[in-house]
Amino acid sequence: LALMHLHAARLDAREDAAGGLLLLEEQDRTRWDRRAIGEGLAWLAASAEGTAFSRYHAEAGIAAEHALAPSFAATRWDRVAGLYAMLERQAPSMLHRLNRAVAVAEWQGPAAGLALLDGQVPPTWLAGSYLWQAVLGDLHARGGDGEAARRHQAAALEAAPSPAIRALMAR
């Protein structure tokens, strides 16, 4: 329930006025539903009273860090990265590793994010997805490797599964 409330709190801010998708850093946080955030935080606190730890605790913790940050830049990226590491241990997935690389890149720079992915072989479904390619494109661009960035960005654009995601990738 914590995870659902925390994600639902941002739904209205995930699109611009024309219906285009917005990245987390582009979202107007004043449009986030503070009541839903409070409800999510209350459920997260209640879930912490037990002795069990599941992937949903880690995922809700990540969502809570985003919901509590006053801005994208002020996000506690070290905590987000740590929660993704916990999530990876609880539910191993290259998608979780990819998300941790994004958090580490925000915290420690693009080279640190790329280092987490170096030598990793994602499953076919992820390697060919726009997600994998977009993250690599962004990290290489921010790290100054224009050639690798363009290659991954083109692959992300090609793999985009919908017009809305393709428009986001093109932007």
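The values are calculated or read from the model by the stated rules, or taken from the named source; none is laboratory data. Here the structure is a predicted model, which means the values were calculated and not measured. With ideal geometry, Cβ positions are generated from the backbone for all residues, glycine too; neighbour counts draw on all protein chains shown. Protein only, heavy atoms only, side chains kept; ligands, DNA and RNA dropped before computing areas. Shrake-Rupley method; radii C 1.70, N 1.55, O 1.52, S 1.80 Å.
Brief remarks on what is shown
- Which numbered condition Pro122 misses (of (1) of a type outside the set (Lys, Arg); (2) modelled with pLDDT of 95 or more; (3) in a loop (DSSP other than H, G, I, E, B); (4) surrounded by 15 or more Cβ atoms within 10 Å (Cβ to Cβ)): (2)
- A Cβ distance below 6 Å, combined with a sequence gap of six or more or placement on separate chains, defines the contacts here; from the range 88-117, residues that are part of a helix (DSSP H, G or I) reach residues that are open to solvent by 60 Å² or more (accessible area, probe 1.4 Å) in the pairs Gln90/Arg55; Trp107/Asp78; Pro110/Arg142.
- Selection within the range 108-118 - open to solvent by less than 70 Å² (accessible area, probe 1.4 Å) and of a type outside the set (A, V, I, L, M, F, W, C): Gly109, Pro110, Gly113
- Just one of the listed residues (Leu168, Leu136, Leu131) is open to solvent by 60 Å² or more (accessible area, probe 1.4 Å) and either on the phi > 0 side of the Ramachandran plot or within 18 Å of the chain's Cα centre (by Cα) (or both), and it is Leu131.
- Identity of the residue in the range 15-39, open to solvent by 70 Å² or more (accessible area, probe 1.4 Å) and among the basic types (Lys, Arg), that ends up nearest to Met169 (Cα to Cα): Arg31
- Enumeration of residues in the range 4-14 that are open to solvent by less than 30 Å² (accessible area, probe 1.4 Å), in a helix (DSSP H, G or I) and either in contact with a Phe, Trp or Tyr (Cβ under 8 Å, 6 or more places away or on another chain) or on the phi > 0 side of the Ramachandran plot (or both): Ala13
- If the condition is being part of a helix (DSSP H, G or I) and either in contact (Cβ under 8 Å) with a residue 12 or more places away in the chain or within 19 Å of the chain's Cα centre (by Cα) (or both), then the range 15-34 contributes Leu24, Glu25, Glu26, Arg29, Arg31, Arg34.
- Counting the residues of the range 41-60 that are outside any helix (DSSP H, G or I) and within 22 Å of Ala103 (Cα to Cα) gives 2.
- Condition check for Ala42: without any contact (Cβ under 8 Å) to a residue 60 or more places away in the chain, more than 13 Å from the chain's Cα centre (by Cα), closer than 11 Å to Ala2 by Cβ and surrounded by fewer than 18 Cβ atoms within 10 Å (Cβ to Cβ): yes
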